[in-house]
Amino acid sequence: MSASTETGREPGRARVDRWRTSAEVLGEVRRTPGLTRVELARRLALSSASVTETVTRLRGTGWLCEHRAPVSGRGRPTTTLEPAPDGPRVVAVDLRHEDWRVGLAGLDGVVTDVVGARHDRDPARVTAALRDAVATVAGGHRAVAVGLAAPAPVSDDGLVRATELSWEAVDLGSVTACLGPGPVPLRVGNDATLAGVAEARTGAAAGAATAVYLTVEVGLGGTLLLDGHPHLGAHGAAGEYGHLPFGDPARRCACGAAGCWGPEVDGRALARRLGDPVPDDPRSSAEDVLARAAGGDAAAADAVGVAATALARGIAGVVHVHDPDVVVLGGLARGLRAAPAFDEAYVGALMAFRRDHPVPVLDAVHGDLGALHGAAALALDHATSAEGLAERCGD
Ligand SMILES: [Zn+2]
């Protein structure tokens, strides 16, 4: 998921090692903004001298600021550590089938200043528009990394093969071209994976040790999240749940395989069941069918029921494989889960020992902005890592 197209200098190992404690401190402040120096020292088992040295260093980089904490009881005076309001920023990009969004985030990960536009799927025009939008959104701030969510499998070479967009191996590296001084790293992730990251960090799966995120847009995507981090596999391409062979083996999928799960649960599946032509925009056509089903249209309800059953049975299979604490659903999967057929199909497909206490299936809380929040998290993960700090801050 997390391909890199950065062109920056490679920091030496010794220099990276000198930033390890700083990276851990930033990680704790991201998890718990406003934690005290005393609590930080306890969590990371650091001496107070080491905390002082590291915090001073991080204040120098602009990431952190401190406030005097109210003294409680007989405790010694301490300070709270906060993301600096005028600190470095990351730019988050969510490239979708029909449109794109670009926003800005600081260490707190909250995405602001969001701009967006529709696009015509022309690779050169889309990358140019993104380059301009990234420069505009970052204007006046110190942008240290860009995270980009792409509607496609992402592999280690940093290229995106967006079969649904009919793009072949598009290099998105130029979207950071107007940032600087110096090269600014770009981290690219699969959009469904990044929406899952957002749920695992600050959403419906926050705190879960093992979580599965699944979303239906055009096809079905998702990720396995372990302690808030996506499982990426040997080549960064894990999480292609939509291409599990849970579908009709006679149906060829755009991925090149046959019988994939994704085409059974999205707008194309609904149109097929209704006898309609293949929709131009499967997402909005599915929203339309879901709305008609909710409004009492029997044919639409039947189509939604069939897709909801295919989704629910597949989720049971995924539960058997991963044994998660929770399954979180995004996109159109939320609408399918609301169909009357869902619960019975899910529980009915579970192994007997799971039926009394089925793994909860919850709706995502980040909604439409999940991938954008996840892209910000991906960029922050890099910028606040020892490698990222060594790259930008030197020794
Ligand atoms: Zn497929």
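Just a few scattered comments:
- In this structure the amide hydrogen of THR79, modeled in the peptide plane, comes within under 5 Å of the amide hydrogens of ARG37, VAL38, ALA69, none closer than 5 places in sequence on its chain.
- The mean sequence separation of alpha-carbon pairs under 8 Å and at least six residues apart, normalised by the residue count of the chain, gives a relative contact order of 19 percent.
- In order along the stretch 124-134, the Karplus-derived 3J(HN,Hα) couplings, from 6.51 cos²θ - 1.76 cosθ + 1.60 at θ = phi - 60°, round to 5, 5, 5, 5, 5, 5, 5, 4, 5, 5, 4 Hz, and Gly and Pro are given as x.
- Couplings 3J(HN,Hα) of the stretch 202-211, computed from phi: 9, x, 5, 10, 4, x, 6, 6, 10, 9 Hz, in residue order, whole Hz [Karplus 6.51 cos²θ - 1.76 cosθ + 1.60, θ = phi - 60°; x for Gly and Pro].
- For the stretch 7-83, the solvent-accessible area with a 1.4 angstrom probe is 61 square angstrom per residue.
- Trypsin sites (Lys or Arg not before Pro) lying in DSSP loop within the stretch 43-135, provided at most 11 other Cβ fall within 10 Å: ARG74
- Here's how it looks for ASP325: its modeled amide H is under 5 Å from those of THR210, ALA211, which are all 5 or more places away or on a different chain.
- Amide H contacts under 5 Å for HIS366, placed H, 5+ residues apart: ALA204
- Between HIS357 and HIS231, residue separation times 0.36 nm minus the direct Cα-Cα distance comes to 42.8 nm.
- Translational diffusion of the chain, µm² s⁻¹ [Kirkwood Rh, Cα pairs; Stokes-Einstein; 25 °C; 0.890 mPa s]: 111 µm²/s
- Karplus-based coupling profile of the stretch 41-57, in residue order and whole Hz: 4, 5, 4, 9, 6, 9, 6, 5, 5, 5, 4, 4, 5, 5, 5, 4, 5, with θ = phi - 60° in 6.51 cos²θ - 1.76 cosθ + 1.60 and x standing for Gly or Pro.
- Other residues with beta-carbon under 11 Å from the beta-carbon of THR61 carry, at +1 per Lys or Arg and -1 per Asp or Glu, a net charge of +4.
- Surface share of carbon and sulfur [accessible, 1.4 angstrom probe, percent] for the stretch 206-364: 54 percent
- Accessible solvent surface per residue of the stretch 206-364, calculated while the other protein chains remain in place, 1.4 angstrom probe, Å²: 45 Å²
- Calculated on alpha-carbon atoms, Rg and Dmax of the stretch 206-364 in Å: 15.2, 47
The values are calculated or read from the model by the stated rules, or taken from the named source; none is laboratory data. Computed from a predicted model, the values in this text were never measured in an experiment. Cβ: placed from backbone, ideal geometry, glycine included. Neighbour counts: every protein chain shown. For the accessible areas, the whole protein counts, side chains as well, though only heavy atoms, and no ligand, DNA or RNA atoms are used. Shrake-Rupley method; radii C 1.70, N 1.55, O 1.52, S 1.80 Å.
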